[in-house]
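Participant: Please see the structure below; I have some questions.
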Amino acid sequence: MLKNVALSFTVAPGEPPIGYSRGGLHNGEDQYESICQQIIMAFDSQITPKETRRMLRRLGLYGPVLDGRQRYDRRGGLVYIMKLQNNGTIVLVVSGV
């Protein structure tokens with residue numbers, strides 16, 4: 001069974017701050033959010049979409065991630081970590097640590 005995964009998204013220099021289209025045209029942030037949700041749901045078949053969004057909020061995806069602080073959440077024996085790296089790359093790591 002897969003126990004570790006990492007997903008990254010690079011924010012292009014000079015682009016406007018991260019935002020989500022919510023009903024408009026899809027953009028890279030929407031796609032990253034969707035893939036993050038799919039990863040979380042793949043590791044935890046009992047989690048609901050609403051709980052998944054709450055977890056991503058706690059991880060800082062909807063804005064706070066831009067401060068560069070590392071955030072984490074634990075669920076089902078896994079740790080979910082999200083951080084904006086110095087090079088403008090947002091990383092989600094899921095590990096069975």
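Participant: Each residue of the range 72-85 in turn: what ³J(HN,Hα) in whole Hz from Karplus with 6.51, -1.76, 1.60 and θ = phi - 60°, glycine and Pro shown as x?
Facilitator: So the J values, rounded to whole Hz, are 9, 9, 10, 7, x, x, 10, 10, 10, 10, 9, 7, 8, 7.
Participant: How large is ³J(HN,Hα), in whole Hz, for each residue of the range 41-46 in order, when computed from phi with the Karplus curve 6.51 cos²θ - 1.76 cosθ + 1.60 and θ = phi - 60°, using x for Gly and Pro?
Facilitator: After applying 6.51 cos²θ - 1.76 cosθ + 1.60, I find 5, 5, 7, 9, 5, 8 Hz.
Participant: For the range 46-97, take the alpha-carbon Rg, divide it by the Kirkwood Rh, and send me Rg/Rh.
Facilitator: When Rh is taken as the Kirkwood radius, the ratio is 0.98.
Participant: Net charge around residue 9, counting only other residues with Cβ within less than 10 Å of its Cβ (Lys, Arg = +1; Asp, Glu = -1)?
Facilitator: Surrounding charge for residue 9 is -2.
Values quoted throughout were computed directly from the atomic coordinates according to the rules given, and no laboratory measurement underlies them. Everything numeric here is computed off the predicted structure, so don't read it as measured data. A quick note on method: Cβ atoms are made from the backbone with ideal geometry, for glycine too, and the neighbour counts reach across all protein chains shown.
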